[in-house]
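To keep things clear, I will list the structure first and then write my remarks on it.
The values are calculated or read from the model by the stated rules, or taken from the named source; none is laboratory data. What you are looking at is a predicted structure, and each value in this text was computed from that prediction instead of being measured. Reconstructed Cβ throughout: ideal geometry from the backbone, glycine too, with neighbour counts over all protein chains shown.
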Amino acid sequence: MRSSSSRTDTSFRIPNHLTNNIKIDTMFTKILIFLAVILAVLAVVIQMRPDDFSITRSATMAAPPQVVFDQVNDLHKWEGWSPWAKLDPDCKETFEGPPAGTGAIFKWSGNNEVGEGIQTIVESRPAELVRMKLEFIRPFAGTNDVDFTFKPEGTGTLVTWSMSGKNNFMSKAVGLVMDCDKMCGDFFVQGLASLKAIVESPAKS
């Protein structure tokens, strides 16, 4: 009589190479699920960021409001003080409409630092306000509102440069890793400093 230990084991066994494949597929599936959850959470976080933004910087200049206004109201004069003008000396620029004031248009197309866009003066009140529509074409499409206000302060002028607009999904995402207020605000500060130097020069007094 044969012992039970000598019986042939006829139970079904999954080959080792198939078992390994199943383990790999299971691990890969778990990784995909984990990444999907992370992306979903990130998308929610991005979407919950503010829908609007506003950046404002001010400077006091020892010059009458009209003198400062004239530098901003004439888009041809921006090259002398705009911080973006220095980023790409080869930037292609065109002007349309009246030489200054409401309806004046400035178009530019340059390197990756300045991009491409259209700047249009939509409202102009002498010595008080210059309001513009700023349309970006690249690197990111978007439309913002830009205001320059000029308020008498003693014998000088308080100049305020502000930009506001809507945050789309891409700009909200960029805002997670970049301080856009500081980055753009620093350019405003540089521009106001250059504008101050121009209007306070003896030739402008």
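Laid out as a table, the results:
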| quantity | calculated |
| --- | --- |
| Residue in segment 53-72 that is assigned to a strand (DSSP E or B), among the hydrophobic types (A, V, I, L, M, F, W, C) and within 22 Å of the chain's Cα centre (by Cα) present | yes |
| Among the candidates TRP78, TRP84, residue that is modelled with pLDDT under 90, under 22 Å from PHE150 (Cα atoms) and in a helix (DSSP H, G or I) | TRP84 |
| Candidate set: segment 99-127, residues that are loosely packed, with under 14 Cβ neighbours inside 10 Å and not polar (S, T, N, Q); chosen: the one modelled with the lowest pLDDT | GLU113 |
| Options PRO89, PRO83: the member that is in contact with a Ser or Thr (Cβ under 8 Å, 6 or more places away or on another chain) and more than 18 Å from LYS133 (Cα to Cα) | PRO83 |
| Scope segment 87-109; condition in a loop (DSSP other than H, G, I, E, B) and aliphatic (A, V, I, L, M); matching residues | LEU87, ALA100, ALA104 |
| Matching entry among VAL189, VAL174 (being in the same structural domain as GLN66 (by TED's automatic domain parsing), modelled with pLDDT under 70 and assigned to a helix (DSSP H, G or I)) | VAL174 |
| Check on ALA59, in contact with a strand residue (DSSP E or B) (Cβ under 8 Å, 6 or more places away or on another chain) and either within 30 Å of GLY154 (Cβ to Cβ) or of a type in the set (Gly, Ala, Ser) (or both) | yes |
